[in-house]
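Structure, as structure tokens:
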Amino acid sequence: MKWEKNLIVFCLGFVIGIAFAYSFPSPGPVLYSGIILSALIFILFLILSFRQHSKYQYVPVKLLNPIWFSFAFAFAIGVFLFHNRLPEKNHIGFFAEFRPRDTVTLEGVIVDEPSIQRDKTTVRFRPYLIENDGEKFEVAGNGKVEVYIYPDNKYYGQIYYCDKFRITGYLIKPKPAENPGGFDYANFLRSTNIHAQMFLRGQDADILKIGKVPGNPLVKFALKLKEKMLLTIRQTMPYPESAFLGGVTLGLRYGIRKIFLTEDADTLIEEEFKWSGVNHVLAVSGLHVTIITVMFWGIFVMLKLPRKVYPFIIIFFLLLFTIITGARPSTVRAAIMNSIILTTYALTKSGLRASILTGIAAAAALILLFTPRVIAEASFTLSFGAVLSLVLITPPMMDLLNNQLVGYRFIGGIIISVIFTAMVIMLQNKFFTAVGFITFIVIAAVVWIIFAKLQKSSPMLGFSFRRVPNWLAGFIGAQFAIQLGMMLPLSALYFGRYPVAGVYANFIAIPLIGINVQLGILAGVFGLIPKIGLPIALLLNAGNWLFCKLFLWLAHVATLIFPYPFVVKPSG
């Protein structure tokens, strides 16, 4: 539909404007050049619009499409917005320093569920009053402070959502990345509206609870629900599988930190997840939100609810899931994206693919409207890159596989895959050098030419990729799309490593995590039912324990077999 195309182009212009502005440190020239560029496009559009009365009749009609003006206008908005979202006066960020010499006193409220870990309790604190150098100021805006409370403090583990506190300490400005291309934790915190940190150690740390605010009823309900679901998981599944399940369903990923799968293992579980390329399942994100969406979608379709009704019920469940899992940026992005897709699908006659493309564009623009600096975050790029790869690259990839992997060429493709696997395992890091990679390309080309000639001279019929079951063929095509469109370029860009094992492990990991999450959510929901709920949850999690165990061992074995090599990062 025309409106969908216009919306996608407008949102694309806005996102590109944000990215353009971020790429330049000085706002002046960027702001002016962006506005001038947009103005030129607009003037060109106006001139060409009168071509029937002028000498520009040779200009193609396609160039007169108002969609170009829409793009230019959105681009200018993006550039202008990025460089004009300056903190207000008395914003909390103005008081933070890299090496503060004096303490400050803050009064404020806990705005999120505290994260209670073995070595500290982390809370997000929104101050409304600050005392600095003997003067008191009302804090402007809604900027937050990340406060760390250690076990030697009486409030360790004793802080809750909506508690009001008065705290005194050093207000520290988060440090940016020390090495070029390294992880910029300061930028990450800013993208979540956190502009300062405070560390409180010892019994005498100056922190005092002064009251409580009502809070958001929906957030309170979601956190209470989370507490009961976590209790159900711990009652129906042993450790460490319960910690893994709590991480992928409730966002409690810290449960598997600093533990080994076996006594003789020399690599931590969390490291094994990174090396094996399945670490993405621990961070509740788009994959998990999509699993929840598909689960409820299937339930409501089976119940034959109207198309204009059940998408909004699913959106409500996604809102609860987002709050339960800590409202992390990746989860919020995925929930917004899925909600827009569901709304478009419910209220229009658009197909699912058109709804997805519209949802991706609108979600990206909406997120950047409020937090434009998040455009540089790896999680933002990875979230949207994964969905775009699936939607845009999977169909042509499927056509390529169906058309090329026929007869002997299909056998050749299988042999090339085996050669790639063997060389990666045997050569380890040497494979990712120029010599190793070129050697593989030459071998693969020779194998392909031989089997292509065999197919041409004596065609083999009835043996091709088209014979692969549709569900498996689609999954293989999607995995190729993800690896080529997202993992290969973005792993090098953000992490400097490429998890080779992920190419293989995700064939098992993604279906497995779908089972883990859905059974875990259902067990948690059934566990809320008095008397009969816990036995039902125990039955569900008895089966889920096996799948969780299999997932942990999958990561462990993949780490033992495949390397986790460094790759060359693109220079800029």
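The values are calculated or read from the model by the stated rules, or taken from the named source; none is laboratory data. The model shown is predicted, which means the values in this text are computed figures rather than measured ones. Note that we place each Cβ from the backbone using ideal geometry, even for glycine, and neighbour counts take in every protein chain shown. Just so you know, the surface numbers come from the protein's heavy atoms only, side chains and all, with ligands and any DNA or RNA stripped out. Shrake-Rupley method; radii C 1.70, N 1.55, O 1.52, S 1.80 Å.
If we scan region 405-412, do we find a residue that is part of a loop (DSSP other than H, G, I, E, B) and more than 18 Å from the chain's Cα centre (by Cα)? So far as region 405-412 goes, yes, one or more of its residues are part of a loop (DSSP other than H, G, I, E, B) and more than 18 Å from the chain's Cα centre (by Cα).
Scan region 314-329 for residues that are part of a helix (DSSP H, G or I) and open to solvent by 20 Å² or more (accessible area, probe 1.4 Å) and jot them down. Walk me through it before giving the result.
First, the residues of region 314-329 that are part of a helix (DSSP H, G or I): 314-324, 329.
Matches in region 314-329: ILE315, PHE316, PHE317, LEU319, ILE323, PRO329.
Where helices (runs of 4 or more DSSP H) fall wholly inside region 236-313, the ranges with 2 or more residues that are open to solvent by 10 Å² or more (accessible area, probe 1.4 Å), of a type in the set (Asp, Glu) and under 19 Å from ILE510 (Cα atoms) are 269-275. On the basis of being farther than 27 Å from VAL387 by Cα, over 33 Å from the mean Cα position of the chain (by Cα) and open to solvent by 30 Å² or more (accessible area, probe 1.4 Å), does VAL447 make the cut? Criteria not met by VAL447. When PHE431, PHE437 are screened for being open to solvent by 30 Å² or more (accessible area, probe 1.4 Å), at pLDDT below 85 and under 21 Å from PRO563 (Cβ atoms), only PHE437 passes. Only one of the numbered conditions (1) modelled with pLDDT of 85 or more; (2) open to solvent by 80 Å² or more (accessible area, probe 1.4 Å) is not met by ILE233, and that is (2). Only a single criterion out of (1) open to solvent by 50 Å² or more (accessible area, probe 1.4 Å); (2) under 20 Å from MET398 (Cβ atoms); (3) not hydroxyl-bearing (Ser, Thr, Tyr) is not satisfied by MET426, namely (2).
Contact map, region 447-475: residues that are touching a residue at least 60 places away in the same chain (Cβ under 8 Å) and outside any helix (DSSP H, G or I) paired with residues that are surrounded by 12 or more Cβ atoms within 10 Å (Cβ to Cβ) and of a type in the set (Val, Ile, Thr), Cβ distance under 8 Å, separation 6+ or inter-chain. Pairs shown: SER464/VAL406. Of the residues making up region 348-381, those that are farther than 20 Å from VAL79 by Cβ and open to solvent by 20 Å² or more (accessible area, probe 1.4 Å) number 10.
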